[in-house]
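Written out below as structure tokens is the structure these notes cover.
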Amino acid sequence: MQLLSLTIDGFKSFAQKTTIKFKPGMTGIVGPNGSGKSNIIEAIRWVMGEQSAHQLRGDKMADVIFSGSSSRAPLNRALVSITFDNSDHYLASDYTELTITRKLYRNGDSEYLVNDQPVRLKDIVDLFIDSGLGRESFSIISQGRIESIFNGKPLDRRAIIETVAGVAKYKKNKDAAEKKLATTMDNLHRVSDIVSELK
Ligand code: ATP
């Protein structure tokens, strides 16, 4: 899987439709303070399903829509599209190229599309699950997050390592199974109490 391109249109400081093409290898984005480097990362996070305005440095989701500048009126819609080469089917889809699009209008209407077909947020989340990408993953790490990892308690750091290693999912399943087991044991005890009463 390879990130091919990102199109940002009306998202944060990107009033004008802007397409960034990614070549194989490492890509660095440089620019002066306030030029929109973090906005690019946030666009990627947003199109992959981010639901927290706070994670995108806003109070409400509509804050991601271009809010105007001295030379441009505010816009009514933010759009971000991300395209992956999926010829190795790393992402759980039959498509060899995947374009995921998210749109948000000021009236609150929103849309998710995969290769121009409307889908639900759940479909986007499912697409990225177990891929190491997606809104909950550690593939995108903000400056503040690095600081919190360094200053975190050992147990919190261990939780991060477990998430990255893919262990966290199984731990969650194990916890759920143990809870079920405890409930079943309680039920069994109750049944054996009733049986002894009836004897
Ligand atoms: P630094 O190097 O200081 O971290 P940066 O290059 O990462 O900066 P960003 O934080 O991505 O820059 O961009 C900040 C700019 O985006 C600010 O000028 C801010 O006004 C602008 N901005 C954020 N949200 C919106 C919006 N909804 N509409 C218009 N401009 C916005």
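Nothing in this text is a laboratory measurement; each read-out follows from the coordinates by a stated rule. Keep in mind it's a predicted model, so treat the numbers as computed, not measured. All Cβ positions, even for glycine, are placed from backbone atoms using ideal geometry, and neighbour counts span all protein chains on display.
What number, in nm² with one decimal, is the all-direction average of the projected area of the convex hull of the alpha-carbon atoms of region 1-55?
Projected area, direction-averaged: 4.5 nm².
Could you list the trypsin sites (Lys or Arg not before Pro) in region 105-154 that lie in coil according to DSSP, counting only those with at most 14 other Cβ atoms within 10 Å of their Cβ?
Values: sites: R106, R120, K122, R135, R145; in loops: R106, R120, R135.
Passing sites in region 105-154 are R106, R120.
For region 39-93 and region 114-134, write down the distance between their C-alpha centroids in whole Å.
Centre-to-centre (Cα) distance: 14 Å.
Hey, which aspartates and glutamates would be in cross-link range of K180, C-alpha to C-alpha under 12 Å, not counting anything within fewer than 8 residues on its own chain?
Counting by Cα, and skipping residues close in sequence, K180 has no aspartates and glutamates nearby.
Ratio of alpha-carbon Rg to the 2.2 N^0.38 Å globular estimate for region 2-131, to two decimals, please.
Numbers: Rg = 14.8 Å, N = 130, 2.2 N^0.38 = 14.0 Å.
With N residues counted in region 2-131, Rg over 2.2 N^0.38 Å equals 1.06.
Given Cβ point charges of +1 (Lys, Arg) and -1 (Asp, Glu) and nothing else, what value in debye, to the nearest 20, does the dipole of the chain about its Cα centre take? Mind showing how you got there, number by number?
Details: 28 positive and 24 negative charges, 110 e Å.
With only Lys, Arg, Asp and Glu charged at Cβ, the dipole is about 520 debye.
Given a 10 angstrom Cα cut-off, can you work out which residue in A159, A176, A168 is the most mobile in a GNM of the chain?
Greatest mean-square fluctuation among the candidates belongs to A176.
Apply the Kirkwood formula to region 48-104: the hydrodynamic radius equals the inverse of the mean of 1/r over all pairs of different alpha-carbon atoms; give it in Å with one decimal.
On the way: mean 1/r = 0.0737 Å⁻¹.
For region 48-104, the Kirkwood estimate is 13.6 Å.
Tell me the angle of helix 37-47 to the major Cα principal axis of the chain, expressed in degrees between 0 and 90 and rounded to the nearest ten.
Around 50 degrees separate the two axes.
Normalising by the residue count of the chain, find the relative contact order in percent from Cα pairs under 8 Å and 6+ residues apart. Can you show the working numbers first?
Details: 260 pairs, mean separation 34.4, N = 199.
Worked out over the chain, it gives 17 percent.
Tell me the Rg and the Dmax, in Å, that the Cα atoms of region 141-199 produce.
When restricted to the Cα atoms of region 141-199, Rg and Dmax are 20.6, 68 Å.
When we measure straight from the Cα of K12, which lysines land under 18 angstrom away, once same-chain ones fewer than 8 places off are left out?
Straight-line reach from K12, under 18 Å: K37, K60, K103.
Choose one answer from D126, D85, D156: the residue with the largest mean-square fluctuation in a GNM of the chain with alpha-carbon springs under 10 Å.
Comparing D126, D85, D156 in a Gaussian network model of the chain, the most mobile one is D156.
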